[in-house]
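Written below as structure tokens is the structure these notes are about.
The values are calculated or read from the model by the stated rules, or taken from the named source; none is laboratory data. Nothing here was measured: the structure is a model prediction, and the numbers come from that model. With ideal geometry, Cβ positions are generated from the backbone for all residues, glycine too; neighbour counts draw on all protein chains shown.
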Amino acid sequence: MVYSIAMSKELPRYQSSPQAKQTPSLSPLDQNLARIKHVVAVSSGKGGVGKSTVSTQLSVALAKKGYKVGLLDADVYGPSIPKMLAGFSQPEQKDGKILPIHRHGVSFMSMGLLTDDQTPVIWRGPMATKLIQQFLANVEWGELDYLLIDLPPGTGDVQLTLTQLASLRGAVVVTSPQQVAVGITMRGIRMFDEVRVPILGLIENMSGFVCPHCDQESHPFSKDGGKAHAQQYGIPYLGGIPIDAKLAQAGDEGNPFLLGEDRPAAKAISNIVDQLEKTLKEIEDKTLENTMSPKEISSDDDHVILTWPDDHVSKINSRELRYQCPCAQCVSEDTGQRIIRKEDISEHIKPVGFRPVGRYGLQISWSDHHSTGIYTFNQLAKM
Ligand code: ADP
């Protein structure tokens, strides 16, 4: 049995096989993430630098450009997005999924809708990871171009787990002139480095000051300090946003448009969005180029045989591959432990059908009538 997989950037054609009737099973988290083009974290070393303000303004600016945008407020210590978008309604449920709240063109979900100021932080912390996991998996985000995640400040366990959970395309680091100076930002950058999440850039918030009387911008702190530090860290500099009373008022009143388009802060945000778009497009193009998909898949008595674009041929033992099935019936979603036992798999197990899934994976139907697993090409390449 031999199948050829289209090597263009078009989706490979569906190739049905009589055995491949069972619905493929991606976990709810993967199903949601598969419909989101770019998941981007917005982070900061400490609270109060304007991370939530920046997340809100970037989301609204992207939505204004016509993108479908989601904003997940994961800031356990100060969930302020409901206030900044003036959306306080309790999220509704439909078909077992939580529906996000829609405000100013952005779909958002927040810890703040489920907890209140009285909820002790000590309780909110451990609960955060679980809740965020649920927000990522069980909120009906739909098709999105961007999902921005407003991370809690700092570089602790919560941030690390969230970062790994959400398959981030990249992270934006927000800092203030004071924080740049004391190197707190560096810790955040190191955290993303550790988990191999690309830093899309540094934003220096409160980098200057816009006079409320004459609207002129001045620079009480050293000008271009953020830029210099970004260079020093070897990461892109996305821009500086000045202190502007209108920006604070926009946040307080839950109307991000209060800022207006002509103010220096608005122009800075608009430039940052343009740069972000460009950087993400470059990363996306690179990822597409780097996605290793086999050009031919076949099988013999004991193996699945994959021919890669460079004509390298991988032969994977069929029984081992069946054992490595990633679906929820074979691997516990809670513990990650394998449920399937090798001794329960016949020595004569064979693939009876292959079906490419998107640009990233392969659904295999097996002679034991199991066909719910989707193996990513990366997983197959590693095997
Ligand atoms: P964080 O999310 O980092 O804790 P916030 O976004 O909640 O910070 O901002 C803290 C406060 O500073 C808010 O009152 C917000 O309106 C204000 N703020 C943030 N950035 C600016 C800015 N560039 N100009 C004026 N006020 C700002």
Looking only at region 56-89, and only at residues there that are over 14 Å from Leu151 (Cβ atoms) and aliphatic (A, V, I, L, M), the one that is surrounded by the fewest Cβ atoms within 10 Å (Cβ to Cβ): Ala86
Might you check whether a residue that is farther than 30 Å from Gly251 by Cβ and surrounded by 14 or more Cβ atoms within 10 Å (Cβ to Cβ) occurs anywhere in region 274-291? yes
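With the structure loaded, tell me whether Lys46 is within 12 Å of the ligand (Cβ to nearest atom) and modelled with pLDDT under 90 or whether it fails that test.
Judged against the criteria, Lys46 is a match.
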Residue in region 67-82 that is within 16 Å of Leu136 (Cα to Cα), among the small types (Gly, Ala, Ser) and modelled with pLDDT of 95 or more present: yes
Within region 232-243, residues being touching a residue at least 24 places away in the same chain (Cβ under 8 Å) and more than 15 Å from Val49 (Cβ to Cβ) number 4
Please verify whether Asp285 is touching a helix residue (DSSP H, G or I) at 6+ places or on another chain (Cβ under 9 Å) and either in the same structural domain as Pro212 (by TED's automatic domain parsing) or of a type in the set (S, T, N, Q) (or both), treating the condition exactly as stated. no
Under 30 Å from Ile316 (Cα atoms) and among the small types (Gly, Ala, Ser) - does that describe any residue in region 288-296? yes
Test: Tyr14 is at pLDDT 95 or above, farther than 17 Å from Glu204 by Cα and part of a loop (DSSP other than H, G, I, E, B): no
Among Gln329, Gln379, which is closer than 30 Å to Gln133 by Cβ, at pLDDT below 85 and not hydrophobic (A, V, I, L, M, F, W, C)? Gln379
Test result for Val158, closer than 29 Å to Leu33 by Cβ, assigned to a loop (DSSP other than H, G, I, E, B) and away from the ligand (no atom under 13 Å from the Cβ): no
Unique match (being touching a Leu at 6+ places or on another chain (Cβ under 8 Å) and either at pLDDT below 80 or outside the structural domain of Val39 (by TED's automatic domain parsing) (or both)) among Ser167, Ser222: Ser167
Mind checking which residues of region 76-102 are polar (S, T, N, Q) and part of a loop (DSSP other than H, G, I, E, B)? Ser80, Ser89, Gln90
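Yes/no matrix, rows are residues, columns are (1) under 30 Å from Gly361 (Cβ atoms); (2) not basic (Lys, Arg):
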| residue | (1), (2) |
| --- | --- |
| Ala268 | no, yes |
| Asn271 | no, yes |
| Gln275 | no, yes |
| Lys281 | yes, no |
| Trp308 | yes, yes |
